[in-house]
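Input: a single structure, listed below in structure tokens.
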Amino acid sequence: MKYIVTGAAGLIGSALIWKLNRMGIDDILVVDNLASTEKWKNLSHLRYSNYMHRDRFLSELRSGKKLEGVECVIHMGACSST
């Protein structure tokens, strides 16, 4: 993946992926938690390479896994209830 977008299924994250797609970019790892919401609908019309649950992504980072080939990490993940 060249791009990683956390919080990608939210309103702003999905709008960012839409813009990347318009720029011809679709080599994107989507990181979010789609388990209990309908946020997946925000991604249904977008192009991206892969999806990873946020817990797995954090676990892989904590284990020291390298982000090889990544040009950009865009962190849009946040707790909207705060």
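The values are calculated or read from the model by the stated rules, or taken from the named source; none is laboratory data. Everything quoted here is computed from the prediction, not taken from an experiment. Glycine gets a Cβ as well: all are built from the backbone with ideal geometry, and neighbour counts include every protein chain shown. These accessible areas exclude ligands, DNA and RNA; they are computed on the full protein's heavy atoms, side chains included. Shrake-Rupley method; radii C 1.70, N 1.55, O 1.52, S 1.80 Å.
Overview of results
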| quantity | calculated |
| --- | --- |
| Charge tally in the Cβ shell below 14 Å around Phe57, where Lys, Arg are +1 and Asp, Glu are -1, Phe57 excluded | +2 |
| Among the listed pairs Lys39/Lys66; Lys2/Lys66; Lys39/Lys65, those beyond 23 Å (Cα-Cα) | Lys39/Lys66; Lys39/Lys65 |
| 1.4 Å probe accessible area per residue over the chain, in Å² | 67 Å² |
| Apportionment of accessible area to carbon and sulfur, the chain, percent (1.4 Å) | 53 percent |
| Relative contact order [Cα under 8 Å, 6+ residues apart], the chain, whole percent | 43 percent |
| Local electrostatic count at Ile17 - Lys and Arg +1, Asp and Glu -1, tallied over other residues with Cβ under 14 Å | +3 |
| Taking the convex hull of Cα positions in the chain, its mean projected area over all directions (nm²) | 5.4 nm² |
| Label-point separation, Ala78 to Arg54 (7 Å along Cα→Cβ), nm | 1.2 nm |
